[in-house]
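Engineer: Below is the structure I would like to discuss, written out as structure tokens.
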Amino acid sequence: MGQKVNPYGFRLGITTDWKSRWFAEDKEYRESLIEDWKIRDYLRRQLPHAAVSRVEIERTRDRLRVDVYTARPGIVIGRRGAEADRLRAGLLVITGNPKIHFNIQEIKQPELDANLIAQGVADQLTGRVSFRRAMKRAVQTAMKAGAQGIKVQCAGRLGGAEMARREWYREGRVPLHTLRADIDYGLAEARTTFGRIGVKVWIYKGDILPYKSAAEDKISKEAAMAVGETAGQARPRRVISAGGGRRRPDAEPVPVEAVASDDATEAAPAPVVKEADPELERLLAEEEEIERRTRQHHEAPHFRGDED
């Protein structure tokens, strides 16, 4: 039997970093672990359509920092920051810590995020789209965005079949045994009328040589933790902060990403997995029609005795 391991945990400390960064002992460790789970569960329940990829949590002494990575920051912020303030109030109830830094970080390329691709495929399966069409769309979307390889797998009662099975499509290279390979892994579940269908996505983005840069990042993070500050991200990224921050004077220019538009929540969000090229869509439609006709005309033989 094959022994499977999560690609993210397999590379933890080598090319990937922890999603929860803090240190505790005994009872405090249990409480912090349960609190992290409650924070992630609360944010995912409150933001089902915000395309949230992951939630990172960092604790330093009495400070708590929560980073939400999303492809639709306008939905998370809401009108004039009302939604972000509501989420921050909910986190305050869960943690009881008034020093919460709630940051919203935008994902520039959602087509290269495995979690978002898996969620997009799961949403299509929930909307009764053919699983083959949804998987091939995801493969083409990621490859056009610049991925070096992608593998999409669906498992369950595919197409409403009586017996569950597993099917997958792969394009390019996906070296799962190479530790320096930058493999992004995502998992999602589609709740259909005939049961749940699991969707797994592996995206290969290239190799990482982390030895020198990782050592420098580790030194800078340890120095920040020593003085009681949150380590944050090693690389500068576009951050959207909401709540708890000091207001900027009118003379200082405000970044565009920090301003929530009034129409941000009214516009229909674009799907992460978009439609494929017209030629591929035509071929997929022909495949579905052939499969439907084959299933319609195929009947199991009936064995009956002589009717006297």
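Engineer: List, please: which pairs have Cβ atoms under 9 Å, are six or more places apart or on different chains, and start with a residue in segment 131-148 that is within 13 Å of Glu281 (Cα to Cα) and end with one that is polar (S, T, N, Q) and at pLDDT 90 or above?
Structural biologist: Arg133/Gln124; Ala134/Gln124; Met135/Gln153; Arg137/Gln124; Ala138/Gln124
Engineer: State whether the residues of segment 28-44 include one that is open to solvent by 30 Å² or more (accessible area, probe 1.4 Å), touching a residue at least 60 places away in the same chain (Cβ under 8 Å) and on the phi > 0 side of the Ramachandran plot.
Structural biologist: No, every residue in segment 28-44 fails to be open to solvent by 30 Å² or more (accessible area, probe 1.4 Å), touching a residue at least 60 places away in the same chain (Cβ under 8 Å) and on the phi > 0 side of the Ramachandran plot.
Engineer: Still on this structure, please answer the following. Would you confirm, using the coordinates I've provided, whether Arg196 is in contact (Cβ under 8 Å) with a residue 40 or more places away in the chain, charged (D, E, K, R) and either open to solvent by 50 Å² or more (accessible area, probe 1.4 Å) or under 22 Å from Arg133 (Cα atoms) (or both)? Quick ask: steps written out before the conclusion?
Structural biologist: Values: in contact (Cβ under 8 Å) with a residue 40 or more places away in the chain: yes; charged (D, E, K, R): yes; either open to solvent by 50 Å² or more (accessible area, probe 1.4 Å) or under 22 Å from Arg133 (Cα atoms) (or both): yes.
Yes; evaluated as a whole, the condition is true for this residue.
Engineer: Restricting attention to segment 92-125, report how many residues are open to solvent by less than 20 Å² (accessible area, probe 1.4 Å) and among the β-branched types (Val, Ile, Thr).
Structural biologist: Here the count works out to 4.
Engineer: Here is a list: Glu83, Glu28, Glu106. Which entry is among the acidic types (Asp, Glu) and within 24 Å of Val273 (Cβ to Cβ)?
Structural biologist: Values: Glu83 fails: within 24 Å of Val273 (Cβ to Cβ); Glu28 fails: within 24 Å of Val273 (Cβ to Cβ).
Only one candidate qualifies: Glu106.
Engineer: Hey, Glu167 hits all of (1) more than 20 Å from the chain's Cα centre (by Cα); (2) surrounded by 16 or more Cβ atoms within 10 Å (Cβ to Cβ); (3) among the charged types (D, E, K, R) but one; which does it fall short on?
Structural biologist: (2)
Engineer: Search segment 45-63 for residues being open to solvent by less than 40 Å² (accessible area, probe 1.4 Å) and within 15 Å of the chain's Cα centre (by Cα), and hand back the single one that is farthest from Ile150 (Cα to Cα).
Structural biologist: The extreme case among them is Leu47.
Engineer: For residues that are within 19 Å of Arg54 (Cα to Cα), polar (S, T, N, Q) and touching a strand residue (DSSP E or B) at 6+ places or on another chain (Cβ under 8 Å), tally how many sit in segment 96-109.
Structural biologist: The first filter runs over segment 96-109 and keeps only residues within 19 Å of Arg54 (Cα to Cα), leaving 100-109.
Filter once more, keeping what is polar (S, T, N, Q): 103, 105, 109.
Add one more test, that the residue is touching a strand residue (DSSP E or B) at 6+ places or on another chain (Cβ under 8 Å), and what stays is 103, 105.
Qualifying residue count for the region: 2.
Engineer: Select from segment 17-38 the residues that are among the aromatic types (Phe, Trp, Tyr) and either touching a strand residue (DSSP E or B) at 6+ places or on another chain (Cβ under 8 Å) or in a loop (DSSP other than H, G, I, E, B) (or both) and write down the one among them that is nearest to Gly90 (Cα to Cα).
Structural biologist: Restricting attention to segment 17-38, the residues satisfying the condition of being among the aromatic types (Phe, Trp, Tyr) are 18, 22-23, 29, 37.
Next, only the ones that are either touching a strand residue (DSSP E or B) at 6+ places or on another chain (Cβ under 8 Å) or in a loop (DSSP other than H, G, I, E, B) (or both) stay: 18, 22-23.
Details: Trp18: 24, Trp22: 21, Phe23: 24 Å.
Once the filter is applied, the top-ranked residue is Trp22.
Engineer: A further question on this structure: So which of Lys27, Lys38 ends up being more than 21 Å from Asp184 (Cβ to Cβ), modelled with pLDDT of 90 or more and of a type in the set (D, E, K, R)? Step through it out loud before you land on a result.
Structural biologist: Numbers: Lys27 fails: modelled with pLDDT of 90 or more.
On inspection, the qualifying residue turns out to be Lys38.
Engineer: Answer with yes or no whether Glu83 is open to solvent by 70 Å² or more (accessible area, probe 1.4 Å) and over 30 Å from Met135 (Cβ atoms). Talk me through it step by step, then tell me what you get.
Structural biologist: Values: open to solvent by 70 Å² or more (accessible area, probe 1.4 Å): no; over 30 Å from Met135 (Cβ atoms): yes.
So Glu83 does not fit the description; no.
Engineer: Output the residues belonging to segment 1-18 that are without any contact (Cβ under 8 Å) to a residue 60 or more places away in the chain and open to solvent by less than 70 Å² (accessible area, probe 1.4 Å).
Structural biologist: First, the residues of segment 1-18 that are without any contact (Cβ under 8 Å) to a residue 60 or more places away in the chain: 1-5, 9, 12-13, 16-18.
If the condition is that a residue be without any contact (Cβ under 8 Å) to a residue 60 or more places away in the chain and open to solvent by less than 70 Å² (accessible area, probe 1.4 Å), then Gly2, Gly9, Leu12, Gly13, Thr16, Asp17 are the ones that fit.
The values are calculated or read from the model by the stated rules, or taken from the named source; none is laboratory data. Nothing here was measured: the structure is a model prediction, and the numbers come from that model. Don't worry about glycine lacking a Cβ; one is built from the backbone with ideal geometry, like all the others, and counts go over all protein chains shown. Ligands, DNA and RNA are stripped out before the accessible areas are found, and what is left, the full protein with its side chains, is counted by its heavy atoms. Shrake-Rupley method; radii C 1.70, N 1.55, O 1.52, S 1.80 Å.
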